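The values are calculated or read from the model by the stated rules, or taken from the named source; none is laboratory data. This one's a predicted model, so the numbers in the text were calculated from it and none came from an experiment. When we count neighbours, we look across all protein chains shown, and the Cβ atoms used for this are built from the backbone with ideal geometry, even at glycine. Accessible surface areas use protein heavy atoms only, side chains included; no ligands, DNA or RNA. Shrake-Rupley method; radii C 1.70, N 1.55, O 1.52, S 1.80 Å.
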Amino acid sequence: MKSKLLEHILSIVVVSSIFLFMMVQFQSQSRDVEMAADREIAPFLALDFIDYDNPLHRSLLKESMDAFYPGQESRHAELLQKIQDHRAREITAARQQDNSGKGLSAPRLWELFGMYLRFILAYGIVMFLTYYGVQTLGTLRFVQMKKGQTSYLAALVKHVNKCRGADSANWQDCAKTGATLFGKALAKGILYMILFSPAYVLAYSFKTRFDTDSLFFMVVLGVLSNGLLINYANKFYTFLVSESRKGYVQTAIVKNLRNSYLAEEGGIKLGEIFRLRKSFEGHVFHHIFINARYQYLSTIKEQASFLISGLVIIEMALNIHNHLCYELLQNILYQQYDVVVLIVLGIYLVLKTTEILADYWLYFESRRYENKAS
Amino acid sequence: MSYLQNIYEQKDKLWFVIWLLGIAALGIWDMLFLNQPAFRQLRIGFYQTIKIALIVILLTAVVSWIVAVLLERLENSRFSALYLAATFVLNIIRSIPQIVGILGGYTLITFWLQNGTLRTPLSVIFAIAVTISLFVFLELVDLIRERIHYYKKRDFYNAMRVCGISENRIINTEILWKNSLSHIFNKLISIFGITIFLQCSIDFIISVGLSTRVSAINLPVTLGSLLAKIDSKQDILAIGHTFGDITYFSRLFFEHLQGISVAFLIVFTLLCVYKISNGFAERYEL
């Protein structure tokens, strides 16, 4: 653990140093560029008789410059464009009142810190919910598989084949069961489509029905969309399946440990699957579950990275104002790379902290299960 | 009949067929009801998306194999410092969320587009593929190294070494080519899905957020950039309208076909890739 921790700390120090150096570089560079640009356009902005909103005034200014300084037409066009860019930037910043395009200052840093905290809050909630959801869905699927439940579509096909020879008295029952199975299959299909939808597809589908800019909606999208939940639930399911094939499970079954998955035979109840702290004491599945969860812990770092990618996509694609990643995008647009580097560093630190915590958790569990001293 | 039965039982093949049939059905529907310019854009967008994803998996396969074998050699050589430095750099790449890294790469690509470094469409596509590969290839590197470590603990490894067979041959031919190809292929299928997801997301973000700086003409048309178009977004918004007025549902497939088709292609492809990967893992008991 010590060597891992050392590696993490070294990585944080190196990356932070590089990013801070870049930030300082970009800051001084942008100041120089801004000052040079300001020096160039300041005399023109001071001409109070020119209305830059008026295309006629702009044309007159350009033609006058072309007449007085011939041969520099492209430079004049560029100068006019710089004036326009400067004015557009000022108008946008004033309208949004978010100091976009003004680089890093104390109030700006404070504002970014607030957004950062909100990002961490959303990340923490989504992480917790997916941690629970992954284990719940994985367990549910495993128990269903053990009960011998097939997919609704396969059951429907089987049902149709069975009903072919049914008489008219049974026909209504057959149709009813068939319709129920079809409805379930359809609902499952739609659910799958939702779980695999990228956040922006889902969000735009519901934009007219809900307030998509809220933290709640962001959390819901973070959990349900981008395939995060379904992919990691599947991973957890495969851990359960591979554990269930191991020798100790067979031994436990031979030794008469409870191994039925049917609730009526003292198996796994639905309530137990949905419990926050899952425990299946006295059942062979308890051991399968804790061993699968141990393996799942090592994938949490990967899940965290994917989750952050999902949150970044949500904030950027939905243009959620006053959120960290929206700011990141805006600052790329305004070429304020010092702010960009700072935000990326912040996101990197969130991920790195998660990695350290996940490694520590795994180390803690390893000591417990593998009886390791250090 | 037995051939169909065979396909039905092998879920990866079944879902591959479902994917092809789904795309074909959508293509026929769009040919009948979507306007020709939009249909043409949709075809180009889908083709470019798949093309980039295929280049990504090709690059990932080659680079991962080389990097994993190199790391393996370095770990057991006297250049342990070099090994530590390499893993340190790779871990830093791993600690950067993929989307943030790719966004950085896209910023560079747009810069190169603006200063004329990237001139041909193929060079842009290749640059995009390299950027995405850089942030997805580590998954395959980890898998390949896992496989090598697993087999190195087996007796046959030492037995082959005693027989004088070179380590290069054991790793590349015996372990990876003969015993791990199905694992690698399965990982590449999931990387294909991840690539489509990341590529569509980044293109959507770029088209929505940075469109004033980046000319849409310069970047290749993909499903993500098509979805970011205002009319596509309006089409997706219409789905929400259906929740309030269910009679509007049928109009989605005629009046809002462009956005619905793009969204369907993305979601359906992601779903099918997931199912294909699962089916493949099931078939080869991975």
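Considering the convex hull of the alpha carbon atoms of the range A:2-96, report its projected area averaged over all viewing directions, in nm², one decimal.
For the Cα atoms of the range A:2-96, the hull's average projected area reads 9.5 nm².
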> For chain A, can you list the cysteines whose C-beta has no other cysteine C-beta under 4.7 Å from it?
Replying inline: A:Cys325
> Using the Cα atoms as the points, what is the convex hull volume per residue of the protein assembly as shown in Å³?
Replying inline: 228 Å³
>> Relative contact order of chain B, please, whole-number percent, based on alpha carbon pairs below 8 angstrom and at least 6 residues apart.
In response: 33 percent
> What are the ³J(HN,Hα) values, in whole Hz, obtained from phi via the Karplus relation 6.51 cos²θ - 1.76 cosθ + 1.60 with θ = phi - 60°, for each residue of the range B:157-169 in sequence order, with x given for Gly and Pro?
Replying inline: 5, 5, 4, 5, 4, 5, 6, x, 7, 5, 4, 4, 5
>> Are there DSSP H segments in chain A that both extend 27 Å or more along their axis (alpha-carbon positions) and score a mean Kyte-Doolittle hydropathy of at least -1.0? List them, or say none.
In response: A:2-45, A:106-146, A:168-196, A:337-370
> Rounded to the nearest 500, what is chain A's calculated 222 nm mean residue ellipticity when only DSSP H runs of at least 4 contribute -39500 (n - 2.57) each, over all residues?
Replying inline: -26500 deg cm²/dmol
>> Run through the range B:111-201 and list the GluC sites (Glu not before Pro) located in a DSSP loop whose Cβ has at most 16 other Cβ atoms within 10 Å.
In response: none
> Can you list the lysines whose alpha carbon is less than 22 Å from that of A:Lys235, not counting same-chain residues fewer than 8 positions off?
Replying inline: A:Lys146, A:Lys147, A:Lys188, A:Lys246, A:Lys278, A:Lys301, B:Lys11, B:Lys13, B:Lys187, B:Lys275
>> Averaged over its residues, how many other protein chain Cβ atoms are within 10 Å of peptide B:193-201's Cβ atoms?
In response: 4
> Taking H as built 1.01 Å from N, whose amide H comes closer than 5 Å to the amide H of A:Ser260, not counting residues under 5 places away?
Replying inline: none
>> Only sites in a loop by DSSP and with at most 13 other Cβ atoms within 10 Å count here; which chymotrypsin sites (Phe, Trp or Tyr not before Pro) in the range B:184-286 make the cut?
In response: B:Tyr284
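Under the classification rounded if a/c is under 1.5, otherwise prolate if a/b is larger than b/c and oblate if not, where does chain A fall, given a ≥ b ≥ c as square roots of the Cα gyration tensor eigenvalues?
Judged from the Cα gyration tensor, chain A comes out oblate (a/c at least 1.5, b/c at or above a/b).
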> Per the 1.4 Å probe, what fraction of the accessible area of the range B:2-283, in percent, lies on carbon and sulfur atoms?
Replying inline: 67 percent
>> Let me make sure I get this right: for the range B:1-89, a, b and c are the square roots of the gyration tensor eigenvalues over alpha carbons, sorted descending. Under 1.5 in a/c it's rounded, otherwise prolate if a/b > b/c, else oblate. Which is it?
In response: oblate
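Projected area of the range B:89-174, taken from the Cα convex hull and averaged over every viewing direction, in nm²?
Its average projected convex-hull area is 7.8 nm².
Can you give the average number of partner chain beta-carbon atoms within 10 Å of each beta-carbon in peptide A:191-203, as a whole number?
6
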>> Within 10 Å of each Cβ in A:11-17, how many Cβ atoms from other chains are there, averaged over the peptide?
In response: 2
> Which trypsin sites (Lys or Arg not before Pro) in the range A:253-302 pass both tests, a DSSP loop state and at most 11 other beta-carbon atoms within 10 Å?
Replying inline: A:Lys255, A:Arg277
>> Under the rule a/c < 1.5 gives rounded, and otherwise a/b versus b/c splits prolate from oblate, where does the range B:2-283 land using the Cα gyration tensor?
In response: oblate
>> Can you tally the net charge around B:Pro37? Count Lys and Arg as +1, Asp and Glu as -1, for every other residue whose Cβ sits under 14 Å from the Cβ of B:Pro37.
In response: +1
